[in-house]
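Inspection log for the structure reproduced underneath, given as structure tokens.
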Amino acid sequence: MRVVLVGATGMIGQGVLRECLLDPEVHGVLSIVRSPSGQQHEKLREIVHGDFLDFSAIEPELTGLDACFFCLGVSSAGMSEERYRRVTYDITLAAAGTLVRLNPGMTFIYVSGAGTDSTERGRSMWARVKGETENALLRLPFKAAYMFRPAGIQPLHGITSRTRLYRVVYALTGPLFPLLKAVIPNHLTTTERLGRAMVEVAKHGAKKRVIESRDIDSI
Ligand SMILES: NC(=O)c1ccc[n+]([C@@H]2O[C@H](COP(=O)([O-])OP(=O)(O)OC[C@H]3O[C@@H](n4cnc5c(N)ncnc54)[C@H](OP(=O)(O)O)[C@@H]3O)[C@@H](O)[C@H]2O)c1
């Protein structure tokens, strides 16, 4: 399996990248980043790309791919709807539209989040925009598209978030994870389990298009 990873420098992207590099059935990982990660591995090839709203300049590199793990995203905290939508909806659909045209047999896996609003009409801005993004992805003619909606995620193996807010939250709650996992098992996973579940779904599919937090550990 040859995969493309978008958002590999982030917390979830680093987790997926680790599992891809460890998995013998993943033969190559193409990572699209806006600045070099510094990471090197025989299976990894990194493309540094400037404009995530337009992938036409790198189209020749984006063929022969079986799956996409789309982990790019931002927290909506302090952002206007217009700015949040540009990153969440516009960038995702720009990448997905290019990839599906070049790889119609591709499985596309998108990370949204618990509480995403599929109706696109609720009061929470981020949930509406993520819902709109999910719905647009599900309409594209991929071989299959899956929406992962994790809730809390414990970063393992030295992984950290690019988002300061998440870094602070996870630093404060980290020692409580074993307790929290016992109390709310369906709302917590780890970067390792999430990454492994995403790779598993890319390989073998899943019964549901929308993978909720409670489904991740069982996959
Ligand atoms: N962490 C959680 O607990 C959690 C839980 C549920 C859902 N989620 C969702 O999962 C997604 C990823 O979260 P994360 O925690 O991995 O985030 P993160 O650590 O902040 O990483 C964000 C990633 O997106 C990239 N990115 C952001 N804005 C970009 C832009 N304008 N152009 C190009 N690349 C951009 C970053 O690249 P740079 O390195 O270049 O900045 C980085 O690779 C988000 O949509 C988030 O809402 C996260």
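The values are calculated or read from the model by the stated rules, or taken from the named source; none is laboratory data. Bear in mind the structure is a predicted one, so any value in this text is a computation, not a measurement. Note that each Cβ is placed from the backbone with ideal geometry, even for glycine, and that neighbours are counted across all protein chains shown. Areas reflect the complete protein model, heavy atoms only, side chains present, ligands, DNA and RNA absent. Shrake-Rupley method; radii C 1.70, N 1.55, O 1.52, S 1.80 Å.
Couple of notes before you dig in:
- Of S56, A77, L22, farthest towards positive along the dipole that unit charges on Lys, Arg, Asp, Glu beta carbons give the chain: A77
- Each Cα pair under 8 Å and six or more residues apart adds its sequence gap; the mean of these over the residue count of the chain is a relative contact order of 22 percent.
- Heavy-atom surface of the chain, accessible at 1.4 Å and reported per residue (Å²): 49
- The distance linking segment 13-56 with segment 127-160 is 18 Å (Cα centroid to Cα centroid, whole angstrom).
- Between F69, F55, F108, the residue with the greatest mean-square fluctuation in the GNM of the chain (Cα pairs under 10 Å linked by springs) is F55.
- Mean separation of Cα pairs under 8 Å and 6 or more residues apart, divided by the residue count, gives segment 131-207 a relative contact order of 37 percent.
- Whole-percent carbon and sulfur share, accessible surface of segment 23-163, 1.4 Å: 48
- Simple Cβ-charge dipole of segment 109-219, Lys/Arg +1 and Asp/Glu -1, about Cα centre, in debye nearest 20: 140
- Across the protein chains, with a 1.4 Å probe defining accessible surface, the residues I91, I219 rank I219, I91 from largest area downward.
- Computed accessible area, I211, all protein chains, 1.4 angstrom probe, square angstrom: 0
- Rounded to the nearest 20 debye, dipole of the chain from Cβ charges on Lys, Arg, Asp, Glu: 480
- GNM result for the chain, Cα springs below 10 Å: residue of Q154, Q39, Q14 fluctuating most strongly: Q39
- Cα-based Lys proximity count in the chain, under 22 Å, for pairs eight or more positions apart or on separate chains: 7
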